[in-house]
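For reference, the structure is listed below as structure tokens.
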Ligand code: AMP
């Protein structure tokens, strides 16, 4: 089955065409036939496209709305020289990444009018993300008369117990406005934790305890027992938890009130401060990019060093806390651009956790870059692995299962 995966942002559409079916998904043999991204929709857009076994292609041109972007993508997928399809009707289904599914969507789901209404009801919880996701769906629905499936960033975390998702705020805020922890990056945490269970031969084992660290531009960490998320670091919004590229992660909520007062900031300025000017960039003043920071640190840049140190310290604190939550640990997984590539970050964030059963093998760690690999020592009771994430593949697999009438995983 050929599934088109769409991930629509406010001015971008990321896409992948994936060939998958039940047997190839179980065997891990399903694959992307083509992928790419359209950026800067609304102006002079850039379209990048790469089909299996071909040279990447880049085009520039005016694209004013998501529907035209999807139309252009379909044009490339069926173009004689670079296409992988003869006709767009070869696309069997479309899987849409949706950011927020609130408390209603606990699994991926076929989109109908009622579901669409439910996703629209979650706009209050993700005002920047759900509207472009919905826009992308509407555009794709007009162009492709097939079944469409929504896969949510939040649904994997719906198994968290109340003690993990409730904040110490008046309960009425939860009742009236849904103020609670939802968590994000669910497709990534689910993908790598499932893969970890497969590697360990423990799929379906209710006692398996895994901590997954998704470390990219956005970062989050999840405690997973028996394949179910029991706690995660992002909250009502993706702002909470680990230090990120430009987001603050955990801070004293009182800081927001204080800084808004002393700096005379409005809501949108405070929002930009916390989401765009904080994190690694905010502390270092150099970059939000971990590569650049590690380079600057090696050249003696003090604030770059401190920023990296805060990043690793906080990550270590969360790993240790989640070992407590899980009452032990079988495996820690690193994924995302930093988790998959940044050798010193992995080393620094588990250093000292040997007493908790996590012992890194430094040679294995140094050799593991963007590949699936064990990086723990043979005698480490808790395993440490690098597992590259693949959110698009998981979206395609969910879509395939749902349109085939199989139960969602
Ligand atoms: P992502 O959002 O998953 O694409 O991850 C982006 C982050 O991964 C950025 O902070 C990059 O600097 C970081 N990253 C990618 N490759 C490396 C590398 N080789 N070493 C350190 N950080 C890296």
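The values are calculated or read from the model by the stated rules, or taken from the named source; none is laboratory data. Just so it is clear, the model here is predicted, and its values are computed rather than measured. Every residue, glycine among them, receives a Cβ derived from its backbone with ideal geometry; neighbour counts consider all protein chains shown.
Taking helices (runs of 4 or more DSSP H) that fall entirely within region 293-409, which contain at least 1 residues that are within 15 Å of the ligand (Cβ to nearest atom), in contact (Cβ under 8 Å) with a residue 40 or more places away in the chain and in contact with a helix residue (DSSP H, G or I) (Cβ under 9 Å, 6 or more places away or on another chain)? Of the helices (runs of 4 or more DSSP H) lying wholly inside region 293-409, those with at least 1 residues that are within 15 Å of the ligand (Cβ to nearest atom), in contact (Cβ under 8 Å) with a residue 40 or more places away in the chain and in contact with a helix residue (DSSP H, G or I) (Cβ under 9 Å, 6 or more places away or on another chain) span 302-326, 336-341, 343-350, 391-403. Within the set 6, 57, the sole residue that is in contact with a helix residue (DSSP H, G or I) (Cβ under 8 Å, 6 or more places away or on another chain), under 20 Å from residue 78 (Cα atoms) and surrounded by fewer than 18 Cβ atoms within 10 Å (Cβ to Cβ) turns out to be 57. Scanning region 100-132 for residues that are modelled with pLDDT under 95 and over 15 Å from residue 177 (Cα atoms) yields a count of 5. When the strands (runs of 3 or more DSSP E) confined to region 1-103 are screened for residues that are under 25 Å from the mean Cα position of the chain (by Cα), those reaching at least 2 such residues are found at 2-8, 13-19, 31-39, 43-51, 93-98. When region 167-198 is filtered for residues that are surrounded by fewer than 16 Cβ atoms within 10 Å (Cβ to Cβ) and under 26 Å from residue 378 (Cα atoms), only 198 remains.
Put simply, of 245, 282 the only residue that is at pLDDT 95 or above, assigned to a helix (DSSP H, G or I) and either within 17 Å of the chain's Cα centre (by Cα) or within 30 Å of residue 178 (Cβ to Cβ) (or both) is 282. Looking only at region 194-232, which residues are assigned to a strand (DSSP E or B) and more than 16 Å from the ligand (Cβ to nearest atom)? Scanning region 194-232 gives 209, 210, 211, 223, 224, 225, 228, 229, 230, 231, 232. Considering region 104-143, the residues that are touching a residue at least 60 places away in the same chain (Cβ under 8 Å), touching a helix residue (DSSP H, G or I) at 6+ places or on another chain (Cβ under 7 Å) and not in a helix (DSSP H, G or I) include one that is surrounded by the fewest Cβ atoms within 10 Å (Cβ to Cβ), namely 110.
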